[in-house]
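Colleague: Dumping the structure here so I can ask a few things about it.
Read the figures in this text as sums done on the coordinates, not as results from a lab. Everything numeric in this text was worked out from a predicted model, so none of it was measured. Cβ coordinates were reconstructed from backbone atoms using ideal geometry, including for glycine residues, and neighbour counts include every protein chain displayed.
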């Protein structure tokens with residue numbers, strides 16, 4: 001059922017699609033779109049297979065592939081997934097499929113758009129399955145190029161600014177990561193071969209670290225370097241300023257990918273790299289990380305409340321929601337919080353994807369996203385209002401919808417370790433409810449804005465992109481075990497290792 | 001190593017095959033000169049290209065016939081050494097010369113009247129560089145250094161009647177004369193100290209002299225004077241001022257040549273001069289500076305300043321050739337990191353980076369040449385919206401620029417990883433962090449070009465025509481730029497064998 005080299009297939013299937021699109025004559029843009037869609041279907045199918053066959057009780061890596069890549073540096077093409085990666089891989093497979101459909105109305109430079117989009121897909125799956133630090137870094141950086149062009153060419157009025165800001169911010173983070181990566185490479189010796197290593201499973205073994213890598217200052221600086229790199233991606237306040245710009249300018253599908261998948265790379269990186277490699281520093285830094293999370297929750301929510309632009313509102317709400325992930329991940333006294341954090345990563349992916357898709361729908365019709373520019377839309381677009389209502393309620397953490405469970409788990413878990421921080425973070429939920437309900441009221445309720453009396457209802461294609469996400473949001477709201485089952489064993493192991 | 005009983009080749013006659021490449025190149029130069037006089041040279045552009053390329057390829061033939069390079073295999077009375085460094089850089093310069101000839105062929109900046117001289121000069125500079133990397137004798141080093149230098153001044157000023165080209169040449173000459181004079185003075189100090197011009201012998205004497213306080217001052221002065229010549233050739237701080245003006249004024253293919261050829265020769269000379277003369281050790285691939293001569297610290301500082309200045313100055317350039325000139329200054333700074341690292345690993349990093357740099361930098365200049373020849377100019381403004389007018393050129397340019405930034409999956413990334421690794425291995429963390437931040441700065445100005453090409457609207461609609469030959473040339477440069485980024489094990493093996 002699961003083919004051999006399934007992870008490689010998932011990574012390179014989109015790339016094959018991109019290669020095919022290169023040879024489609026210019027006069028067949030629809031054919032290019034169809035190829036792009038077909039290139040994302042097999043990964044979705046394989047992801048479903050992975051979901052079924054993944055061994056929930058194994059705390060090691062599964063579906064491992066390891067081949068030497070560059071012997072001179074002892075670099076391996078080393079893939080494998082555990083409970084932390086698999087929800088992200090499922091999310092990526094689902095969202096890329098949905099985003100190709102959501103990109104159907106792209107009519108400018110169609111070839112370039114879909115080639116870059118598929119390249120982005122390749123790099124994302126690569127990041128979530130790489131187990132060699134070097135390979136991880138290559139995929140991590142590879143994602144920047146397509147993203148720069150996707151925002152810069154197909155974006156809104158200030159696209160150049162947003163694109164370069166995104167690129168510069170992320171690159172600052174990743175060059176620090178590069179330096180830390182090399183310090184770890186030279187600071188560790190693989191016992192079996194006596195060579196330096198990029199292998200994350202080996203680097204996680206603290207006994208391979210050489211004396212200078214046991215130096216407290218070096219470890220501290222290394223942790224800080226990695227943390228800044230990942231914090232920019234998450235993004236935590238005060239490293240967040242690139243995100244609202246990037247979101248506002250990016251086309252709808254790219255916003256979805258950005259918020260749905262790319263932000264998770266930051267928290268994923270912490271779990272995959274920082275925690276295993278520097279567990280002692282992770283514990284030492286936990287309180288600061290929790291504070292970063294708290295500030296992001298509150299600051300993000302307050303900023304969101306002040307926005308007029310719907311996309312900016314969602315961007316700030318993302319910062320706020322990712323703050324919960326950070327808070328949950330900085331608790332090591334129990335596994336509840338970290339389970340909630342990873343579940344929140346998945347839930348935020350689906351909910352924000354819905355939110356951005358919904359904003360895209362209204363923007364395609366009204367050509368603006370000004371919250372005060374609408375009013376009474378529930379009358380003209382009742383189905384659309386229904387979807388939006390669901391997404392908004394999910395985002396503000398209504399019981400019965402997915403985000404409630406993950407945020408509740410985070411708060412319950414973190415309360416045992418950080419009482420005051422957790423209590424303060426809870427106000428973030430109130431603020432979130434405030435701005436989402438207020439937005440709801442201004443856009444959908446009240447007197448109908450005459451200008452938009454004739455707006456067409458949500459189309460079948462748009463509904464098709466939203467429905468699977470809506471179903472997941474509802475299902476996970478009642479029964480989160482499908483995801484919690486996947487992640488539980490690995491996270492238990494992670495926490496034990498960090499504390500241990 | 002069959003048939004040669006010992007490493008020192010006593011008879012100069014036996015040594016002649018080792019200078020085969022230079023002899024063949026000289027032959028090619030003479031033929032080109034004669035043909036240029038007899039035939040109406042302004043009509044036969046293509047013929048000169050073919051002859052020059054034949055000369056370059058011919059010069060490689062003796063390389064395969066010679067014995068395996070060895071670290072101490074000297075020839076012609078010990079003037080030259082036949083080691084892997086010599087072998088490798090001879091190949092390197094031939095490849096660089098070949099690409100430049102092809103680039104010149106398609107350039108509209110050099111007209112047919114000047115073309116025959118241009119090919120002659122490119123070959124002659126190549127020959128000078130070949131001699132330079134093989135030389136192990138101060139006198140020979142200086143001769144080769146000047147052969148390369150003086151002929152490249154000529155190349156820069158080749159466009160008769162062009163004021164900018166003349167100005168550039170004059171600046172280059174004045175600066176060059178000053179710095180090589182200074183270097184020669186450094187040579188004379190060492191000669192006075194050791195009484196010989198042979199590098200290995202001097203090296204032994206330097207270690208002894210460093211114990212003596214009076215001689216030590218002499219040595220310090222000599223090191224500083226050496227640095228003047230070498231930092232000038234590699235366009236490093238504080239001898240970089242000539243670089244932007246010369247690069248802007250020279251015809252673009254010649255600029256491309258200067259930015260890879262003499263720069264690489266300068267770094268080869270760093271390895272040739274500084275390691276035997278001013279380091280000790282070598283066991284386990286680590287060296288130490290001769291006690292009391294802390295040139296690595298000076299160079300580390302120079303490296304940091306060079307890359308920072310180069311990158312900061314590049315931000316404000318609107319002329320692409322000036323921008324690339326500053327970028328090449330910055331790259332000299334990156335390359336110095338490998339020299340500073342005082343290890344075989346660092347030297348490998350330098351050589352590896354030079355190979356990568358050869359392809360990506362020539363590539364970027366090739367695109368500049370083609371755009372200028374296709375009706376555009378060298379200003380960034382004329383690259384606006386070029387992505388839709390000349391997609392192939394612009395995608396190639398983007399690849400070269402991303403590689404220059406050092407982003408995966410391009411070769412520049414691997415080269416940078418090598419250099420970063422070298423300084424981190426030596427535990428000079430501050431330099432690694434400076435270089436890392438510089439990468440971010442450089443992203444900004446390289447992206448200005450990418451932005452102009454792809455993110456902005458074209459000002460005119462006409463397509464830029466690129467001939468099939470030029471496309472093939474670009475492809476030949478693109479292939480290694482991409483290929484070495486994805487799988488560089490073969491090159492890694494080659495450079496590991498060198499040191």
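Colleague: Test of understanding: what is the full-extension gain from residue A:30 to residue A:437, defined as 0.36 nm times their sequence separation minus their Cα-Cα distance?
Modeller: Values: separation 407, 0.36 × 407 = 146.52 nm, distance 3.94 nm.
Going from the current span to full extension adds 142.6 nm.
Colleague: Then there's this: When Cβ neighbours within 10 Å are restricted to other protein chains, what is their mean count per residue of peptide A:175-186? Mind dumping the intermediate values first?
Modeller: On the way: counts 12, 4, 1, 11, 9, 1, 4, 9, 7, 1, 4, 6.
That works out to 6 on average.
Colleague: Next question. At a 10 angstrom cut-off on C-beta neighbours, averaged per residue, how do the peptides A:402-410, A:187-195 rank from highest to lowest?
Modeller: Descending packing order for the listed peptides: A:402-410, A:187-195.
Colleague: Percent relative contact order of chain B, based on C-alpha pairs within less than 8 angstrom and at least six residues apart? Could the numbers behind the result be given before it?
Modeller: Working: 805 pairs, mean separation 63.5, N = 499.
Normalised by residue count, the contact order of chain B is 13 percent.
Colleague: Right, another one. If R0 is 30 Å, what FRET efficiency do you get for residue B:318 and residue B:487 from their C-beta distance, rounded to 0.05?
Modeller: On the way: r = 37 Å, r/R0 = 1.25.
Efficiency computed from Cβ-Cβ geometry: 0.20.
Colleague: Kindly provide the Kirkwood hydrodynamic radius of the range B:166-312 in Å, to one decimal, from all pairs of distinct alpha carbon atoms.
Modeller: 16.4 Å
Colleague: Per q in 0.16 Å⁻¹, report the Debye log10 I(q)/I(0) for the range B:222-304, using one uniform scatterer on each alpha carbon and no solvent.
Modeller: At q = 0.16 Å⁻¹ the computed log10 ratios are -0.68.
Colleague: Considering every residue in A:142-150, what mean count of other chain Cβ atoms within 10 Å of its Cβ is obtained?
Modeller: Numbers: counts 4, 0, 4, 8, 0, 0, 7, 5, 0.
Mean partner shielding for this stretch: 3.
Colleague: Per DSSP helix of 4 or more residues, -39500 (n - 2.57); summed, then divided by the residues of chain B. What does that give at 222 nm, rounded to the nearest 500?
Modeller: -24500 deg cm²/dmol
Colleague: Suppose we take every Cα in the range B:92-137 and form the convex hull; what volume per residue is that in Å³?
Modeller: Once divided by residue count, the hull of the range B:92-137 is 58 Å³.
Colleague: Also, I was wondering about something else. Rounded to two decimal places and with Rh computed the Kirkwood way over Cα pairs, what is Rg over Rh for the range B:74-183?
Modeller: 1.02
Colleague: Okay, moving on. Quick one: what do you get for the range A:142-275 if you divide its Cα Rg by 2.2 N^0.38 Å?
Modeller: Dividing the Cα radius of gyration by 2.2 N^0.38 Å gives 1.22.
Colleague: Extent of the range B:432-499 along each principal axis, from alpha carbon coordinates, in Å, largest to smallest?
Modeller: 52, 37, 16
Colleague: If chain B were replaced by its equivalent ellipsoid, with semi-axes equal to the square roots of 5 times the Cα gyration tensor eigenvalues, what would those be, largest first, whole Å?
Modeller: Semi-axes (√(5λ), whole Å): 35, 27, 21.
Colleague: Between residue B:146 and residue B:113, take the C-beta separation as r, use R0 = 22 Å, and let me know the FRET efficiency to the nearest 0.05.
Modeller: After rounding, the FRET efficiency stands at 0.20.
Colleague: Per DSSP H run of n ≥ 4, the term is -39500 (n - 2.57); total these for chain A, divide by its residue number, and report the mean residue ellipticity at 222 nm rounded to 500 deg cm²/dmol.
Modeller: Helix contribution divided over all residues of chain A: -23000 deg cm²/dmol.
Colleague: Using the Cα atoms as the points, what is the convex hull volume per residue of the range B:111-235 in Å³?
Modeller: Once divided by residue count, the hull of the range B:111-235 is 90 Å³.
Colleague: Based on the alpha carbons, how large is the Rg to Rh ratio for the range B:296-499 when Rh follows Kirkwood?
Modeller: 1.00
Colleague: Within the protein assembly as shown, what percent of beta bridges assigned by DSSP are antiparallel, to the nearest 5?
Modeller: Numbers: 19 of 19 bridges.
Just about 100 percent of them are antiparallel.
Colleague: Also: Just to be sure I understand: if I project the alpha-carbon convex hull of the range A:303-500 onto a plane and average over all orientations, what area do I get in nm²?
Modeller: On the way: hull surface 43.5 nm².
Average projection, Cα convex hull of the range A:303-500: 10.9 nm².
Colleague: With r defined as the distance between the Cβ atoms of residue B:461 and residue B:392 and R0 fixed at 25 Å, what FRET efficiency is calculated, to the nearest 0.05?
Modeller: The calculated FRET efficiency here is 0.90.
Colleague: Against the globular-protein guess of 2.2 N^0.38 Å, express the Cα radius of gyration of the range A:440-500 as a ratio, rounded to two decimals.
Modeller: So the Cα radius of gyration is 2.00 times the expected 2.2 N^0.38 Å.
Colleague: If the convex hull of the alpha-carbon atoms of the range A:7-126 is projected onto planes in all directions, what is the mean projected area in square nanometres?
Modeller: Details: hull surface 33.4 nm².
With every direction weighted equally, the projected area is 8.3 nm².
Colleague: Sorted by average packing, counted as other Cβ atoms within 10 angstrom per residue and highest first, what order do A:448-454, A:311-317, A:394-400, A:16-22 take?
Modeller: By packing density, highest mean first, the sequence is A:311-317, A:394-400, A:16-22, A:448-454.
Colleague: Over 38 Å, how big is the tail of the calculated P(r) for the protein assembly as shown, in percent of all Cα pairs?
Modeller: Details: 250842 of 498501 pairs.
Counting pairs separated by more than 38 Å, the tail of P(r) holds 50 percent.
Colleague: Take the alpha-carbon centre of the range B:48-82, take the same for the range A:350-407, and report the distance between them in whole Å.
Modeller: One Cα centre to the other: 72 Å.
Colleague: In degrees, nearest 10, range 0 to 90: what is the angle between the Cα axis of helix A:29-53 and the longest Cα principal axis of chain A?
Modeller: For helix A:29-53, the angle is close to 50 degrees.
Colleague: Could I have the simple spin-label model distance between residue A:471 and residue A:55, label points 7 Å from Cα toward Cβ, reported in nm to one decimal?
Modeller: Going by the 7 Å Cα→Cβ label model, 3.0 nm.
Colleague: For residue A:478 paired with residue B:280, estimate the spin-label separation in nm (one decimal), with each label point 7 Å from Cα along the Cα-to-Cβ line.
Modeller: Here the modelled spin labels are 8.1 nm apart.
Colleague: What are the semi-axes of the equivalent ellipsoid for chain A, taken as the square roots of 5 times the Cα gyration tensor eigenvalues, largest first, in whole Å?
Modeller: Rounded to whole Å, the semi-axes are 35, 27, 20.
Colleague: Between 0 and 90 degrees, rounded to the nearest ten: what's the tilt of helix B:468-486 against the longest Cα principal axis of chain B?
Modeller: 50 degrees
Colleague: Still on this structure: Taking the Cβ of each residue in B:243, A:13 as the centre, tally the other Cβ atoms inside 10 Å and list the residues starting with the fewest.
Modeller: Arranged by neighbour count, lowest to highest, B:243, A:13 become A:13, B:243.
Colleague: Would you calculate the separation in nanometres between label points at residue A:460 and residue A:211, each defined as 7 Å from the Cα along the Cα-to-beta-carbon direction?
Modeller: Between residue A:460 and residue A:211, the simple spin-label model gives 7.3 nm.
Colleague: Quantify how strongly other chains surround peptide B:401-414 by giving the mean number of their Cβ atoms within 10 Å of each of its Cβ atoms.
Modeller: Partner-chain Cβ atoms within 10 Å, mean over residues of B:401-414: 3.
Colleague: With a cut-off of 14 Å, note down the residues of the range A:50-65 whose backbone N falls inside the zone around a label point 7 Å from the Cα of residue A:4 toward its beta carbon.
Modeller: Within reach of a label on residue A:4, which here means backbone N under 14 Å from a point 7 Å along Cα→Cβ, the range A:50-65 contributes A:64-65.
Colleague: Here's a follow-up. Based on Cα positions only, what radius of gyration and what Dmax would you give for the range A:1-277, in angstroms?
Modeller: 19.1, 62
Colleague: What does the extension gain come out to for residue B:91 and residue B:61, with contour length at 0.36 nm per residue minus their alpha carbon separation?
Modeller: Result: 9.7 nm gained on full extension.
Colleague: Counting pairs of alpha carbon atoms under 8 Å apart in space and at least six apart in sequence, what relative contact order in percent does chain A give? Provide the component values of the computation, followed by the final result.
Modeller: Numbers: 866 pairs, mean separation 77.2, N = 500.
Relative contact order of chain A: 15 percent.
Colleague: Give me the angle, in degrees from 0 to 90, between the Cα long axis of helix B:138-156 and the longest principal axis of the Cα atoms of chain B, rounded to the nearest 10.
Modeller: 10 degrees
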